[in-house]
1. Does Asp825 meet the test of being touching a helix residue (DSSP H, G or I) at 6+ places or on another chain (Cβ under 9 Å), among the acidic types (Asp, Glu), surrounded by 22 or more Cβ atoms within 10 Å (Cβ to Cβ) and at pLDDT 95 or above?
2. If you take the residues in segment 230-243 that are touching a residue at least 40 places away in the same chain (Cβ under 8 Å) and out of contact with any Ser or Thr (no Cβ under 9 Å at 6 or more places or on another chain), which one is surrounded by the most Cβ atoms within 10 Å (Cβ to Cβ)?
3. Would you point out which residue out of Met240, Met233, Met257 is part of a helix (DSSP H, G or I), closer than 24 Å to Cys123 by Cα and not small (Gly, Ala, Ser)?
4. Taking the conditions exactly as written (in contact with a His (Cβ under 9 Å, 6 or more places away or on another chain), closer than 18 Å to Lys325 by Cβ, within 16 Å of ligand 1 (Cβ to nearest atom) and of a type outside the set (S, T, N, Q)), does Gly267 satisfy them or not?
5. Among Phe331, Phe336, which is more than 14 Å from the chain's Cα centre (by Cα) and of a type in the set (Phe, Trp, Tyr)?
6. Spot the failing condition for Ala128; the list is (1) crowded, with 23+ Cβ neighbours inside 10 Å; (2) touching a helix residue (DSSP H, G or I) at 6+ places or on another chain (Cβ under 6 Å), and only one is missed.
7. Within segment 757-795, can you find the residues that are aliphatic (A, V, I, L, M) and touching a Lys or Arg at 6+ places or on another chain (Cβ under 7 Å)?
8. On the basis of being more than 23 Å from Val100 (Cβ to Cβ), assigned to a loop (DSSP other than H, G, I, E, B) and acidic (Asp, Glu), does Glu129 make the cut?
Amino acid sequence: MRTNQPQTIYLSEYKVPAYLVDQVDLRFELFEDGARVHSTLTVRRNPDSGESAAPLFLHGDSLQLESVALNGSPLRTGEFEDRGDALVVPSVPEKFELQVVTWIEPQNNTRLEGLYKSSGMFCTQCEAEGFRCITFYPDRPDVMARFRTRIEADKSAYPVLLSNGNPVDNGELENGRHFVTWEDPFPKPAYLFALVAGDLVEKKDTFTTCSGRNIDLRMYVEPRNAKKCDFAMDALKRSMRWDEDVYGREYDLDIFMIVAVDDFNMGAMENKGLNIFNSSCVLASQETATDAAFQRIEAIVAHEYFHNWSGNRVTCRDWFQLSLKEGFTVFRDSQFSADMGSPTVKRIEDATLLRTAQFAEDAGPMAHPVRPASYMEISNFYTLTIYEKGAEVVRMIHNLLGDEMFRKGSDLYFQRHDGQAVTTDDFVRAMEDASGRDLGQFRLWYEQAGTPVVSVSDEYDESSGIYRLTVRQSIPDTPGQTGKKPQHIPFALGLLGADGQPLPLKLSGESGEAPLERVLELSQAEHCFEFEGLSERPVPSLLRDFSAPVRVHYPWTREQLLFLMSHDPDGFNRWDAGQRLAVDVIQSLVGAPESAGVEPRLVDAYRSLLQDSELDQALMAKMLQLPSEAYLIELAEQADVAAIHQAREKVLGYLAEGLRDELMACYRRNVGQGDYQLTPEAIARRSLRNTALGWLLHIGDQEALALAKEQFRGADNMTDRLGALRALVNSDFAEDRTQALEAFYKRFSDDPQVVELWFSVQASSDRAGQLPQIRQLLDHPAFDWKNPNKVRSVVGAFAAQNLAAFHNPDGSGYEFLAEQVCRLDDSNPQIAARLVAPLTRWRKFAPGYSKQMKSALERIRDKAELSRDVYEVVHKSLAD
Ligand code: B3K
Ligand code: ZN
């Protein structure tokens, strides 16, 4: 904890490490009142450093130093300095061994960084800078060492002792204790270190790699979760096969382990050979997990597994390069998910997240490039920009190069940099070298923050048959960055004729057969493209498949959007046309008098959708989702949340009233058929029936109420049970809502993951989640401030998903959030800093809101002791 301004770290000040570590030998003595860590480092001066007599500098955090020795001789006072956050040995030889013994208190570690306890087990989280909470170490990713780890603990309480690599020794000790020793043959940065000790059940499986090696697969979970492992294990095997088939990447150790822990700051962690997961991102059964949870688990298992190559074998030189591993790995997991399910739906989901949340981040006070130039606290930079925009940047490279060249590029990258800690620039260079393409201007995607705006205008000349598209790009200013250069933007488009047929895109002067879709490469602030041979004015379908993470402005008429919604051959743009139309209709009602009518053509469009039996049902399910309030706020100049909420509710009600019979038919058409399956078709069916149910309950339909209650009671899976519960909770049937919530809790009170769902359904509902009810949830016996999932499912869901309640014009939601952030900052700064995010957007809102949001931020700023995490976010948000 601190009050002073934390230091800013700059990429431009990067220096290679003065010392390298070849070998780390660790011995952990685990006890109930603490742990003793014996570390022996084999160190040598870095020949590339140039600093011949540099002191040895080791990071530390919350450590009690017991002893330090150099080449076996204890160091005396004056021969080393314990600065609290560092151990400095001013004079060291060129090569030496350093022995350090530290004492730590995992049982009191509420930050969940380093070694801590969760539900009685010991576990670790070292990325980004958690290893320094375990022992003194050069805790930076460009120091890569071999680790040997011996864990000692009470045998009955901690029968399972795990670390990275392969187990090489084990045995009994005195007093009922035992030990296991692990050795990881692959040099790695300390952030990939992991240790687990607990009373866990083991689920076993195997995988035979493409070269015929047998890998032991293991999942370790608490006994009560033993039945929730199958899906993740299968997802793991699918991921391993896919990475071999698509990227030629084979697994390298003899064993791969996954552990589930309840208290975890994020989703999961890719520690070498020993991935640690938040229980909610790995454990699932039909009765307890929704379709969305299954898909999320599959994606996260894949993501962490894929890191074994994109992250572990080739790692980051420094934390400014975080997107090197995260952007690339998110791209890889999104390709995998697309291959496992519906590619169009996956694209829609990714683009929705990007446009709703990443664009907002890119337009806010914490905006930063995919490769940031500075930070105060690296934990604050595990952002949508690094992950999702980073993945979009890799996707653009993939699309510019094509499948084959991209694979050549990734092969070259892995081969050239295996065992190294490298930069995003090294990644781009490998892509250039393999393909022969110049990505010079493309690199600006890594350097410039902000979402490019692509504005398109057009004219059609009937006499010459020429259609002229003028495309302009501009990139808004972001904190510390102005006057940006045009970027290299792949802009996919098609043109449609009045009969709905695609028209050839023949650029003036071109010969040969013209394609029906093309990718224009924008590189200047303005381009003019002339297409010839068009006998009618076309309707443009722009940025197909969301070919770049940009905002597109084009003055589509409602008529044109309706047309694209039913005719665009590009599934993504078909969906997008529907979204744009709905946005336009809702926006036109924001702040309008109550008497203002809803565009009747919207009802017709949704009716045709509901009746379109040819349409891919998974796409239909997505098309039936109205744009979220969060997205509407993101699009607004000065968001008036209450007015946006009312306008959206009005449109929803109007649609549901107008389509009552069609919705009922849709519900009945899609009621459960046969066994629960996770195919895109089955998922779409459940999504359609639950959407229909939600809309019908929204207008208080009695028949739907009966159906919802029946579905709630009789469902054989969580998607349907929760779908019915959500519909009831968001309806005005107050009594039924209360009964259903009680019944649900009673049934699942033993299952923390389901209780989290129960919390979040309420906290995100404007009916069940007004502030007094939120306060009651915090007092509920199942709520636990020390468990990040619980905090997210109540406080996080309220502030990020229950927007009308959070933005109550009386400011109570903001004050509440400020209070909770201050409270959490003392125990878990990482989580506290994440929770602040909704307030940081204060400039985006209408004056009545923004003033109060700002004062809530000031309250946090004025707290006596602020962590570096919260300090950075709050001060940057308040900066002029
Ligand atoms: N690499 C981890 C995230 C670590 C976050 C540390 N604050 C999970 C992942 O992206 O795979
Ligand atoms: Zn990752």
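The values are calculated or read from the model by the stated rules, or taken from the named source; none is laboratory data. Because the structure is a prediction, the values reported are computed rather than measured. So basically every Cβ, Gly included, is an ideal-geometry build from the backbone, and we count neighbours across all protein chains shown.
1. Judged against the criteria, Asp825 is a match.
2. Checking each candidate, the answer is Ser239.
3. Details: Met240 fails: closer than 24 Å to Cys123 by Cα; Met257 fails: part of a helix (DSSP H, G or I).
The unique qualifying residue is Met233.
4. Working: in contact with a His (Cβ under 9 Å, 6 or more places away or on another chain): yes; closer than 18 Å to Lys325 by Cβ: yes; within 16 Å of ligand 1 (Cβ to nearest atom): yes; of a type outside the set (S, T, N, Q): yes.
So Gly267 fits the description; yes.
5. Numbers: Phe331 fails: more than 14 Å from the chain's Cα centre (by Cα).
The conditions single out Phe336.
6. Going through the list (1) crowded, with 23+ Cβ neighbours inside 10 Å; (2) touching a helix residue (DSSP H, G or I) at 6+ places or on another chain (Cβ under 6 Å), Ala128 breaks only (1).
7. Taking segment 757-795 and keeping what is aliphatic (A, V, I, L, M), we get 757, 761, 763, 768, 771, 774, 777-778, 782, 791, 794-795.
Val761, Ala768 - these are the residues of segment 757-795 that are aliphatic (A, V, I, L, M) and touching a Lys or Arg at 6+ places or on another chain (Cβ under 7 Å).
8. On the way: more than 23 Å from Val100 (Cβ to Cβ): no; assigned to a loop (DSSP other than H, G, I, E, B): yes; acidic (Asp, Glu): yes.
Here the answer is no, as Glu129 does not meet what is asked.
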